[in-house]
1. What's the long-distance tail for the chain, i.e. % of Cα pairs beyond 41 Å?
2. What's the FRET efficiency of residue 370 with residue 228 using the Cβ-Cβ distance as r and R₀ = 45 Å, to the nearest 0.05?
3. Most fluctuating residue of 218, 96, 125 in a GNM of the chain with Cα springs under 10 Å: which is it?
4. In degrees between 0 and 90, to the nearest 10, how far off the longest principal axis of the chain does helix 362-373 point, with axes built from Cα atoms?
5. Against the longest principal axis of the chain, how steep is helix 140-152, in degrees 0 to 90 to the nearest 10, with axes from Cα atoms?
6. Helix-derived [θ] at 222 nm for the chain: sum -39500 (n - 2.57) over DSSP H runs of at least 4, divide by residue count, nearest 500?
7. How far is helix 392-402 tilted, in degrees, relative to the longest principal axis of the Cα atoms in the chain, given as a value from 0 to 90 rounded to the nearest 10?
8. Using a Gaussian network model of the chain with C-alpha springs under 10 Å, which one of 236, 44, 60 is most mobile by mean-square fluctuation?
């Protein structure tokens, strides 16, 4: 590799670089990194760098180096993998960049119908019960009550996603095996969702594996590095899957099982490892979906075009909306911008109205709703926390919006 690009600049915009629940894309501190192999944190976009009057980006996911120090940006990459344009508008530069990429550009999805997702409702119910985990609070009863609530509100039919908690998490049958908890009749559940007029969806973290799962004991080489996110976190007990022939077989069997249960949308989550590895896992999941008898929608949260080419929908992922997160509005706008610019041919899941916080105030909930209204040209809204928990007025505002 040689330095192919070098410019003096006060600050740069790096859409591939993100920190969870932070607007960290604009940078003026020194860095030296390989943008295609950083961990995909939260919403990690295209491997490009943008400054005043220039745009430079990688046209293939190779181990190039972006370096910034003392106001000097340099990009070290092979000539064939580097796109550069200068003195163009940002919009024109993005368009030219995407035209230069050799990626899958034709895609399917279920359109702009809304989505109903149980996750933040699970968090709310768990807090109400002083429970140990929103995973444990998920039950068939909660799902059926949620379906009834949607029906009583006279909200339109849409996607309906059962989030984390339906599966065994630890040990044999757990993450990696992805077996349902005994109380979940998955076929009956999908049929109930479909009978209510919705498209059945299911949360899944297929890139993770528990060391004590049956599949891990059968194929120990599947177990990659630990998903270490720091601190006390449920995910820290799991490991990433190493992409290989056996992982493709695993995904083939897993997607076929989910399809046979009756689910037609899969919400892919917690794929936060090195992006080249995460891209290969996405590719294998996509290949598994292509082998099914008919369409299943894959939704992912890594808008990097080399990764998102293997999903149908991109999610503007993970915003915590609360007074202590005083920059949350910037995060909402930044996540949308990075997703939309990095994956412009994708429909966007605009994520939960009110974000991931269950104890949100009416004021903050409605502020977020107003932002989502400005974004619906590119995607669709998601109701997760039932808004009457916030206030009757919030519920009325959501009903007017969702029925518009």
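Here, each number is a calculation from the coordinates, and none is a lab measurement. What you see is a predicted model; the values in this text were computed from it and never measured. We place every Cβ from the backbone using ideal geometry, glycine too, and count neighbours over all the protein chains shown.
1. Numbers: 10709 of 81406 pairs.
Result: 13 percent of Cα pairs exceed 41 Å.
2. Values: r = 37 Å, r/R0 = 0.83.
That pair, residue 370 with residue 228, gives E of 0.75.
3. 218
4. For 362-373 against the chain, the angle is about 60 degrees.
5. Approximately 90 degrees, to the nearest 10.
6. Numbers: 12 runs with 127 residues, N = 404.
That comes out to -9500 deg cm²/dmol.
7. 60
8. Maximum among the listed residues: 236.
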